[in-house]
Structure formats: structure tokens, C-alpha cells
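Below is one structure, written out as C-alpha cells; comments come after it.
The values are calculated or read from the model by the stated rules, or taken from the named source; none is laboratory data. Quick caveat, the model's predicted, so the values are computed rather than measured. All Cβ positions, even for glycine, are placed from backbone atoms using ideal geometry, and neighbour counts span all protein chains on display.
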Amino acid sequence: MRSLLSCSLATLALLTELTSPVSDKGLLSRHDVREAIVTIRADTAKEHIEVAALVRADGLDYVSGSSGDIDFAWEPGIIAVFHSHPDKGFERPSSVDVRLATGMRIPVYVISVKELWVVRPDGTVEEVKE
């Protein structure tokens, strides 16, 4: 009986984690995410490339591509995407960012040289104060 109960609690914890909204405060307090924002800004300042960090509960991975073209395989463990908009005048999230956030039900963060924006899973777009 005890193993069944602990299994049910573990399943409930996993389902809660998968269905709970991700908070800016929680993500932005993670050392790996803060480091990713700095790295993405530095990399896109040197070269005109787009860089993304695919954030999971236990870490993140980087992917990159040429202007406006980043391809990655979707995995259910991805809880947020942070990516660059290196061009001046295009700091805010695009319609593609909105479709990704609403379609995958995750926040999509857009990093420019001086700004950080987020598209919430409901399509709301907001500037994030770092």
C-alpha cells in the first residue's frame, strides 16, 4: 500500500510540475538561465546570429541559427524558450513567438541588447524587468 501511495504522490507531483505555470521570478532566479541571457546577448552582439536556450526543469541546451531561423526538436520537458532578436527595431516578440508560446503552452522570452520580453502561454506580451 505504501509504494502505491508514494507512486501516486510522485505522479501527482510530476503532473503538477507539468501543468503549473512557469513564473518569471522562478526562471530568472535560476543561475543557468541568468547565465544564458548574458551569453545570448554577448553572442548576438559579436555576430548576427540567433541563439536560443531551451529551458528544462533540470537544465538547458543552446541552439543557434542564421537570422530568423532556429530549428529545434520539440520535447515535452521544455518549460520555456529564451532566444535572441539581434536586430534593432525588432526587440519585441514576433507573431512566430506568439504562435510558439500559445501552441506549446510555454513562455517564450525574447532577448534584445537592452530588453527582455515574454510571450505568455495565453498570448499576452509583456516587457520583463530584470
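Some notes on this structure:
- Residues in the stretch 102-113 that are in contact (Cβ under 8 Å) with a residue 12 or more places away in the chain and either surrounded by fewer than 14 Cβ atoms within 10 Å (Cβ to Cβ) or of a type outside the set (Gly, Ala, Ser) (or both): THR102, MET104, ARG105, ILE106, PRO107, VAL108, TYR109, VAL110, ILE111, VAL113.
- The sole residue among ARG41, ARG34, ARG99, ARG56 that is in contact (Cβ under 8 Å) with a residue 24 or more places away in the chain and basic (Lys, Arg) is ARG41.
- Tabulated pairs, the stretch 62-75, first in a strand (DSSP E or B), second at pLDDT below 75, C-beta under 9 angstrom, 6+ apart or interchain: VAL63/ILE70; VAL63/ASP71; SER64/ILE49; SER64/ILE70; GLY65/ILE49; GLY65/ASP71
- The one condition from (1) surrounded by 15 or more Cβ atoms within 10 Å (Cβ to Cβ); (2) in contact with a helix residue (DSSP H, G or I) (Cβ under 7 Å, 6 or more places away or on another chain) that ASP24 does not meet is (2).
- The helices (runs of 4 or more DSSP H) found entirely in the stretch 1-51 that carry 1 or more residues being at pLDDT below 75, under 15 Å from the mean Cα position of the chain (by Cα) and under 22 Å from ALA101 (Cβ atoms) are 2-19.
- Restricting attention to the stretch 115-130 and to residues that are hydrophobic (A, V, I, L, M, F, W, C) and closer than 14 Å to LEU27 by Cβ, the residue that is surrounded by the fewest Cβ atoms within 10 Å (Cβ to Cβ) turns out to be VAL128.
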